[in-house]
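Engineer: Shown below is the structure under consideration.
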Number of protein chains: 2
Amino acid sequence: MEASVEDKKKIILVHYTEIENFILQVLLKNGVDESVAKHVAQGLVQASLRGVDSHGIRLFPHYVRAMKAGRINSKPNFQFDQTSPSTGILDADDTFGHAAGMEAVSKAIELAKSAGSANISVKKSTHFGAAAFYALEIAKHDMIGMSFTHADSLMLSSNGNRPYFGTNPICIAVPCEGEEPFCLDMATTTISFNAVLQHREDKKDVPVGTCADSEGNPTIDSAKASFLQPIGQYKGFGLGMMVEILCGVLSGMPFGRDIVSMYKHPIEQKRNLGHFFSAMRIDCFQDVKYFKKRMRIMMDEIRNEPRKNSDIPVMVPNDPEKKALARRSKEGIPVKAADWEAFLKLSQQYKVELKGI
Amino acid sequence: MEASVEDKKKIILVHYTEIENFILQVLLKNGVDESVAKHVAQGLVQASLRGVDSHGIRLFPHYVRAMKAGRINSKPNFQFDQTSPSTGILDADDTFGHAAGMEAVSKAIELAKSAGSANISVKKSTHFGAAAFYALEIAKHDMIGMSFTHADSLMLSSNGNRPYFGTNPICIAVPCEGEEPFCLDMATTTISFNAVLQHREDKKDVPVGTCADSEGNPTIDSAKASFLQPIGQYKGFGLGMMVEILCGVLSGMPFGRDIVSMYKHPIEQKRNLGHFFSAMRIDCFQDVKYFKKRMRIMMDEIRNEPRKNSDIPVMVPNDPEKKALARRSKEGIPVKAADWEAFLKLSQQYKVELKGI
């Protein structure tokens, strides 16, 4: 029997430990290296817990398909080349982006410990999910963490009628006294394409000024939305280029329109993505306690700034994600019926139990 | 006799060597250290040559006033503390931001040579003009250069009715085969306040979506424009916070609404600004020649992307500035009558000759 529209709108709640273990076990049954599988499970679940559904657990069935098709290598042979006291290059051997990123992060932290700061270029990687996963890990070590990735062409070029750059996100995480780190994780486009796909699934319009159709004309119709507008027009286009240089040109990977698309290219095709990570020890600039105290003061000041509309506070980046994290850790992660069905198929296929709350 | 409106609109052209020497000589007659004076003259003239009039020679009379009032120290005692192989802190002793920035850049380059990359925090500085001046200098050494500064509150907070952050620019410069480096130098607001002041002088409206009045409501009236909108709303606000953390919190300088304004506070008050500079050797990641070749390919590809409007090309950041540089180097820098008058006053006061073309 065909599921009704009502059924399709149904939301299943799943506890984060349940879905994390499910992802882990499915990957292990597919022969994925345990440390690789752990990073994928943790990264996807962290994004969902933080309310970033577009980059969370819903991507897992796609990742499994990409692995089975040969795009993603389940048993990577990482090769790290330290090229100076503070720099290095990681060849990720086409594995899951989450594992590539976390391997690079561990190198960045290690090098920064001795050199004060470190910059790591990653080549031969795949989709790494939410950039915050990596910067937040660096911030745990009293360092300022930054993470970047390029992506396939989706940003409508400034003055152009088609995209050259991808959504190319910028992410920074900074430790703070008394709460989880400050974290900015933003696409340089006004919206991410995974968010457009969600609007499309929900048959909702996209916000004004965020998208263009396949001719490069503005649209709010999520079904027609093909390209994404850069933030601040030529400025977002410039930021996208900055990220492309750090991730594509510096790593020796393809750039611009030559990048293999997540969804449009045959799924067996390798993506050859590049990432860039930076770690900087706070104690090389300030007493760590004093620095974190000042972060605390700044964040309190911002949240207490007078409001334009008394119902909507001035927020610090990451505030909505922190709220979601607190709520979803207790109440569970909401999963759409279609995604849940895809999980259940994997559950049957690999004989890994999965239960909602 | 009062100058007529026609006279006030008059543009004087001045050769860049003439105005650079004029600035240098006026500073030297004021007892400014020669190396400091050179950086100020070169920085202001470079901005004007590149068409960035808001950050160019027109600021010079203000700088002289600030120096004479005691805000800016003409004979700094720089103190540099190298805190690790790749990091350091420069105390700029309240001197001209241009000199502080170039001193920090020389340290960044030196440290990056041995450590692969370097990050320098600057404290006790003043207005440093255009951020491109510093990143471009780093790029001359086959490194990727980045420069940041915070500034006094001007960006309307996302969901707020007044500003907390300044225009807080982001700048990156990257070497390229066959032409001057790629350079992105952008305020995280939609427009800079010096650009608003220029619109006000010219009695022109500011572009839609760029400004708000003193109540936080959108306006295009340059006379009423008090606050600047962030690019991409909460995203630009987040980028402004990133820059504030790197420049204000990391350096131990004041941040947010505590920063002394360029124009509103008494001019004798010290500004205590912070900057942040980063240098990264390209050869730690790629063969330099291969990297520059790929930059060349990317820039050519972007400029050849299909256009939305056949008259307006898709541009790479810095293309308009490169055009201006070529034209103004030959034809001279255009100076408004009011600015020229201010220069002539300094010319008489300090007996330094100044002639238009």
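Derivation of every value follows stated rules applied to the coordinates shown; laboratory data play no part. Because the structure is a prediction, the values reported are computed rather than measured. Cβ placement follows ideal geometry from the backbone for every residue including glycine, while neighbour counts extend to all protein chains displayed.
Engineer: What average count of beta carbons from other chains do you get within 10 Å of the Cβ of residues in A:235-247?
Structural biologist: Across the residues of A:235-247, the mean count of other-chain Cβ atoms within 10 Å is 6.
Engineer: Could you give the dipole magnitude of region B:1-116 about its Cα centre, charging the beta-carbon of Lys and Arg +1 and that of Asp and Glu -1, in debye to the nearest 20?
Structural biologist: On the way: 13 positive and 14 negative charges, 44 e Å.
Computed about the Cα centre, the dipole is about 200 debye.
Engineer: Would you work out the relative contact order for chain A, in percent, from Cα pairs under 8 angstrom that are 6 or more residues apart? Mind dumping the intermediate values first?
Structural biologist: Numbers: 758 pairs, mean separation 82.6, N = 357.
Contact order relative to length: 23 percent.
Engineer: Projected onto the charge dipole of chain A (+1 at Lys/Arg Cβ, -1 at Asp/Glu Cβ, origin at the Cα centre), which of A:ALA337, A:HIS150, A:LEU239 gives the Cα projection farthest towards the positive end?
Structural biologist: It is A:ALA337.
Engineer: How big is the gap, in Å, between the Cα center of region B:295-335 and the Cα center of region A:255-289?
Structural biologist: Answer, in whole Å: 28.
Engineer: With n ≥ 4 as the cut-off for DSSP H runs, can you work out [θ] at 222 nm for chain A, using -39500 (n - 2.57) per run divided by the number of residues, rounded to the nearest 500?
Structural biologist: Numbers: 11 runs with 134 residues, N = 357.
Helix contribution divided over all residues of chain A: -11500 deg cm²/dmol.
Engineer: Rounded if a/c is under 1.5, else prolate if a/b beats b/c, else oblate: with a ≥ b ≥ c from the C-alpha gyration tensor eigenvalues square-rooted, which is chain A? Please list the in-between numbers first.
Structural biologist: Details: a/c = 1.21, a/b = 1.13, b/c = 1.06.
It comes out rounded by the Cα gyration axes.
Engineer: Evaluate the charge dipole of chain A about its Cα centre and quote only its size in Debye, nearest 20, assuming +1 on the Cβ of each Lys and Arg and -1 on the Cβ of each Asp and Glu. It would help to have the intermediate numbers written out before the result.
Structural biologist: Details: 44 positive and 42 negative charges, 44 e Å.
Taking the Cα centre of chain A as origin, the dipole is about 220 debye.
Engineer: Which lysines have a Cα lying under 29 Å from the Cα of B:LYS292, excluding residues fewer than 8 positions away in the same chain?
Structural biologist: Candidates past the 8-residue exclusion: A:LYS107, A:LYS123, A:LYS124, A:LYS235, A:LYS270, B:LYS107, B:LYS113, B:LYS140, B:LYS308, B:LYS322, B:LYS323, B:LYS330.
Engineer: Taking the Cα centre of chain B as the origin and placing charges on Cβ (Lys, Arg +1; Asp, Glu -1), which of B:MET253, B:GLN198, B:ILE138 is farthest toward the positive end of the dipole?
Structural biologist: B:GLN198
Engineer: Pairs on different chains or at least eight residues apart, Cα atoms closer than 20 Å: how many lysine pairs in region B:1-91 fit? Please list the in-between numbers first.
Structural biologist: Numbers: B:LYS29/B:LYS38; B:LYS29/B:LYS68; B:LYS29/B:LYS75; B:LYS38/B:LYS68; B:LYS38/B:LYS75.
Value for region B:1-91: 5.
Engineer: Shifting gears a bit: Just to confirm the filter: which trypsin sites (Lys or Arg not before Pro) across region A:238-339 are DSSP coil and have at most 11 other Cβ within 10 angstrom of their Cβ? List each step's numbers first, then the result.
Structural biologist: Values: sites: A:ARG257, A:LYS264, A:LYS270, A:ARG271, A:ARG281, A:LYS289, A:LYS292, A:LYS293, A:ARG294, A:ARG296, A:ARG303, A:ARG307, A:LYS308, A:LYS322, A:LYS323, A:ARG327, A:ARG328, A:LYS330, A:LYS336; in loops: A:LYS264, A:LYS270, A:ARG271, A:LYS308.
Sparse-neighbourhood loop trypsin sites (Lys or Arg not before Pro): A:LYS264.
Engineer: Amide H to amide H under 5 Å from A:SER222: which residues, 5+ apart in sequence or cross-chain, H placed 1.01 Å off N in plane?
Structural biologist: A:VAL206
Engineer: Is the shape of region A:249-357 best called rounded, prolate or oblate, per the rule: a/c under 1.5 gives rounded, else a/b larger than b/c gives prolate, else oblate, with a ≥ b ≥ c the square roots of the Cα gyration tensor eigenvalues? Don't skip to the answer; put the middle values down first.
Structural biologist: Working: a/c = 2.19, a/b = 1.32, b/c = 1.66.
Here region A:249-357 falls in the oblate category.
Engineer: At 0.36 nm per residue, minus the direct Cα-Cα distance, what do A:LEU13 and A:SER329 gain on full extension? Give it in nm, one decimal, please. Intermediate results must be reported in sequence, preceding the final value.
Structural biologist: Details: separation 316, 0.36 × 316 = 113.76 nm, distance 1.11 nm.
Working it through step by step, the gained length comes to 112.7 nm.
Engineer: With N residues in the protein assembly as shown, what two-decimal value do you get for its Cα radius of gyration over 2.2 N^0.38 Å? Before the final figure, lay out each step's value.
Structural biologist: Values: Rg = 25.9 Å, N = 714, 2.2 N^0.38 = 26.7 Å.
In units of the 2.2 N^0.38 Å rule of thumb, it is 0.97.
Engineer: What are the extents of the Cα atoms of region A:169-234 along their three principal axes, listed from largest to smallest and rounded to whole Å?
Structural biologist: Sorted largest first, the three principal extents are 47, 30, 15 Å.
Engineer: For region B:206-357, what is the charge dipole size about the Cα centre, in debye to the nearest 20, if Lys and Arg each add +1 at the Cβ and Asp and Glu each add -1 at the Cβ? Walk me through the numbers on the way to the answer.
Structural biologist: Details: 24 positive and 18 negative charges, 122 e Å.
Once rounded to the nearest 20, the dipole reads 580 debye.
Engineer: Let me ask something else. Calculate one ³J(HN,Hα) per residue across region B:209-214 by plugging θ = phi - 60° into the Karplus curve 6.51 cos²θ - 1.76 cosθ + 1.60, and present them in order as whole Hz with x for glycine and proline.
Structural biologist: So the Karplus estimates, Gly and Pro as x, are x, 9, 9, 9, 7, 5 Hz.
Engineer: Here is a further query. Filter the GluC sites (Glu not before Pro) in region A:169-234 down to the DSSP loop ones having no more than 16 other Cβ atoms within 10 Å, then list what survives.
Structural biologist: On the way: sites: A:GLU177, A:GLU179, A:GLU201, A:GLU215; in loops: A:GLU177, A:GLU215.
The qualifying sites are A:GLU177, A:GLU215.
Engineer: Same structure again: Got a sec? Which residues in region B:242-281 would a label at B:SER214 touch, if it sits 7 Å along Cα→Cβ and we count backbone N under 16 Å?
Structural biologist: Zone members listed by number: B:263-265.
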